[in-house]
Amino acid sequence: MSTPLQPYRLFLQHFAPLAFLITLLAGGFWLIEQHGHQSLLDGTGIDIKPQQARQLLDIFNTHQLETIGAATIIALLAAALIAWYTARSRLNQLLAEQENREQLRKIELLLDSTLEGIYAVDCVGLCTMANRSCAQLLGYDGPHNLLGRQMHELIHHTRPDGSPYPLDECKIHTIVGTGSAVTTLNDVFWRKDGSSLPVAYTAHPIKDGEQIIGAVCAFMDLSEQKQAEAQMTQLEDQLRQAQKMEAIGQLASGVAHDFNNILQVISGNTQLLQIVEHGDLNTQQHRLNEIIKAVERGVNLTRAMLAFARRQAIALRPVELNDLLLESVPLARNLLAKTQRLELQLYPKPLTVTADATLLQQVLFNLLTNARDAMPEGGTVTIGTAWSDQAPEQAVAGEQPPAGPCALLWVQDTGHGISAEIRDKIFEPFFSTKGVGKGTGLGLAMIYGTIKQHHGCIQIESEPEQGCRVSIYLPCIEQHRTSS
Amino acid sequence: MASILLIDDDPQVRSVLEGFLNHDGHLVICADNGKEAFRLLGSRRFDLVLTDIVMPEQDGFEVISNLTLQPDRPRIIAISGGSSRLSQQMLLSMAAKIRIERVLAKPISYQQLSAAVTEVLTTAITTTQPQAP
C-alpha cells in the first residue's frame, strides 16, 4: 500500500548509499592527498623555511579541500538526481504491481461469484484455473484441489450412458487443436464422490495472440432443470390419463344412452306385439322389422365403439386413391337418398398413398353419411381426389400435419354447413348435431383416429348454409404433378 | 283419453311409446326436437308432455321451461335415456327451473308408462318437489 511518505523513503533508500559512498571516497581521497603535499614541496628542491613551508602547505590543503568539496557536492547532486529518477520509476513499478493485484483480486471475486463452474486447461488438459463454483459443483474443497489435475480424466471420463469417453474424443480437449468453440446442452460431469452431475457447457479456446494456449470451459448444473422436467412429464402423464378417463366416461355414458334407446325399442315392440290383440299383420310385421333394425343399431354401436377404442393393427399397403374412389361409387350411391346426386372429381394422375384401404373406405362412407344427413332436402355430394405440395396449417391433425407433398381425398356437400363453434367439437366422441337415432356420434371420432394412424390430417371448410368440404390429407409416396 | 305431446328424436322410440299410449286410447302428437315441440305447443292445448332428456343438448327442456310460466300448463313427464343416478341429477338441476311431475328411465315397459301417465293425469299439478323414478 502506498503511503504519502513512500516517495521520500524510496528516494532516501536510493540516495543514502550513493551519498555515503561519495563521502567515503572524498574523505579517502583527501586523506591520501594530505601526505602528498609535503613530498611535493620536498620534491621541488627549493629552499623553504619551515614557517613558509607551513603556510604553503596550508594553502595547498585549503585548495585541496575546496576542490574535493566542490567535486563531492557535484557528485552528490548527480547522485541525488539519479536516486530521484530511480525512486520514481520504482514507485511506478510498485503502483503498477498493486493495480495488477487489485485487478486480479477483482477477477477472482467475479469468477468466484458465478453460478456456473468455470475452469481452464492448458494444451495437455491440465487444469490451470478453476473458480469456486467449479470446485463446489464437483464436490471438491476448493479450486486448489483441481489445479494441475488432468481434467478430462477427473470429471469427464465417462459418457452419460456409461460408456467410456476417451480423451482424444473429448469435445473440450479437441478445442486446443481445432480452435473452434463447442456447446453441449446435455452431458454429464463426474463428482469427486463418483456421483453424476448433469451439465450443459460451452468451451472456448484461449488464445494468446494467434497461438492457442489452452481452453476454458463454463458449465451449468442441470439437476434442478432435470428434476423439473421429470415432474412436468409426470404431470403431463397424469393429465393425459385424466383426460383419457374423462373421454372414456363420456363414451360410456353416451353408449349407455344409446343402448337404453335400443333396448326400449326392442322391449317396447315386443310388448306391443304381445298386448295388441287382433292387430293387423302389416303392423305386426312392421314391429318385427323395428326390432331387427334396433338390433342392427346395437351391432353397429358396438362395432363403432370397438373401432374407436382398439389400437387397430392396420394393414398398410400402397393404395391408389382414384381406384379406391371408383370402387366405392356403387356403395356410395346406395348410401345417398334418392334426392341426392353423387359426383366424382378425380385428379388426372394416379395418387398413391400408404394406407389400409378398408379403413380409408370406411372413412369415406362416414363422410358420405354426414354429407347425406346434412342435405335432408336433397343436394349434390361430390367426392374427389387432389394433390397438394403441403398440408394446410389450420388442419385438425393427430400430432403434426404431414410434411411435404400430400394426396387429398375430399367429400363436399351442398348442405346446411357447420358453424365455427361446432367445427371445433365435431371430433369429440358422441358429439352429434343429428340427434339420437341418426348416427352414433362416433363417425368423425373414428375418422380422426384412422387418419391419425395414417399420419395424415383433416381439413374442414364450411360456413352455415354454404355446404361443407372435408379434405383428408395423406402423405403421398409418389409425386405426380399436372403440368400447369 | 288425453292429448299428449311426445318429444323424442329417435324415431324408433317414438313409434314404440306412441304405440303404448295409443293402446290406452290417448291422442299422441309427436315432435322430434325442441323447436318443433314449441311450435306445436303454441298451436294447441295438451294435457301432458312426455319428453326425452336428450344428452348433451337439452333444447327440449329449455322450450318447455317456458311453459311453467303459463297458468294452465300441461303436465310433464320426463324420460331419461341415461342411468337412474343421472336422472336424479338431472332432476335436481331442472327442478330449479321447471316442475316435472315424474321422471322415468328407459327402457320403460308398457305397464310402467301406462301407470305413470294415468297417475299424473289424475293428480293436480304439483307445486312441490317432483318424485324420483
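What follows is calculated from the coordinates using simple rules that are stated; it is not laboratory data. Since this is a predicted model, take the numbers as computed values, not measurements. All Cβ positions, even for glycine, are placed from backbone atoms using ideal geometry, and neighbour counts span all protein chains on display.
Residues in segment A:343-352 carry Karplus couplings, in order, of 10, 10, 9, 9, 5, x, 10, x, 10, 9 Hz; the curve used is 6.51 cos²θ - 1.76 cosθ + 1.60 with θ = phi - 60°, and Gly or Pro positions show x.
Between amide H atoms placed 1.01 Å from N, distances below 5 Å from B:LEU6 occur with B:ILE29, B:CYS30, B:ALA31, B:LEU50, all of them 5 or more places distant or on a separate chain. Spherically averaged projected area of the convex hull of Cα atoms, segment A:139-243: 8.9 nm². Modelled this way, with points 7 Å down the Cα-to-C-beta line, the labels at A:LEU12 and A:LYS338 are 13.1 nm from one another. Rounded to whole numbers, the Karplus 3J(HN,Hα) couplings from phi for segment A:28-39 are x, 4, 4, 4, 4, 5, 3, 5, x, 4, 4, 5 Hz, using 6.51 cos²θ - 1.76 cosθ + 1.60 with θ = phi - 60°, and x at Gly and Pro. Choose one of A:GLN227, A:ASN186, A:LEU409: the residue whose Cα lies farthest towards the positive end of the charge dipole of chain A (beta-carbon charges +1 Lys, Arg; -1 Asp, Glu; about the Cα centre). Value computed over the given set: A:LEU409. Look at the dipole of chain A built from charges on Cβ: of A:ILE418, A:VAL199, A:SER253, the Cα furthest out on the positive end belongs to A:SER253. Dipole check for chain A: with +1 at the C-beta of Lys and Arg, -1 at the C-beta of Asp and Glu, and the Cα centre as origin, the magnitude is about 600 Debye. Phi-derived couplings, Karplus 6.51 cos²θ - 1.76 cosθ + 1.60 at θ = phi - 60°, listed residue by residue for segment A:119-126: 9, 10, 10, 8, 5, 8, x, 7 Hz, with x used for Gly and Pro. Taking every alpha-carbon pair within segment A:6-111, the share separated by more than 19 Å comes to 64 percent.
In terms of the mean number of neighbouring beta-carbon atoms within 10 Å, the peptides A:214-223, B:38-47 order highest first as A:214-223, B:38-47.
Close amide-amide hydrogen proximity is noted between A:ALA391 and A:GLY404, each under 5 Å apart and 5 or more residues distant or on a separate chain (H modeled in the peptide plane; Pro and chain starts excluded). If the label point is 7 Å along Cα→Cβ of A:SER196, which residues in segment A:143-178 have backbone nitrogen under 16 Å from it? Counting backbone N atoms under 16 Å from the label point, the list is A:155-166. For chain A, the calculated P(r) over all alpha carbon pairs, in 10 Å bins from 0 to the bin holding the longest distance, is 3, 12, 13, 10, 9, 10, 9, 7, 5, 4, 4, 3, 3, 3, 2, 1, 1, 0, 0, 0 percent.
Take each residue in B:3-16, count the other chain C-beta atoms within 10 Å of its C-beta, and the mean is 5.
In this structure, A:VAL299 and A:THR158 have a Cβ-Cβ separation that, at R0 = 41 Å, corresponds to a calculated FRET efficiency of about 0.10.
Taking the inverse of the mean reciprocal distance over all distinct Cα pairs, the Kirkwood hydrodynamic radius of segment A:226-308 comes to 16.0 Å.
Its DSSP H runs of at least 4 residues, each contributing -39,500 (n - 2.57), put the calculated 222 nm mean residue ellipticity of chain A at -18000 deg cm²/dmol, to the nearest 500.
Placing a label point 7 Å from the Cα of A:SER180 along the Cα-to-Cβ direction, the residues of segment A:190-229 whose backbone N falls under 20 Å of that point are A:201-208, A:210-218. Ordered by the count of other Cβ atoms within 10 Å of each Cβ, fewest first, A:CYS406, B:CYS30 give B:CYS30, A:CYS406. Against chain A, whose longest principal axis is taken from its Cα atoms, helix A:357-374 shows a tilt of about 70°. Amide H to amide H, with H built 1.01 Å from N, B:ILE53 comes under 5 Å of B:ILE79, B:SER80, B:GLY81, counting only residues 5 or more places away or on other chains. Considering only A:LEU351, A:ALA215, A:HIS152, the residue lying farthest towards the positive end of the dipole of chain A is A:LEU351, judged by Cα position with unit charges set on Cβ.
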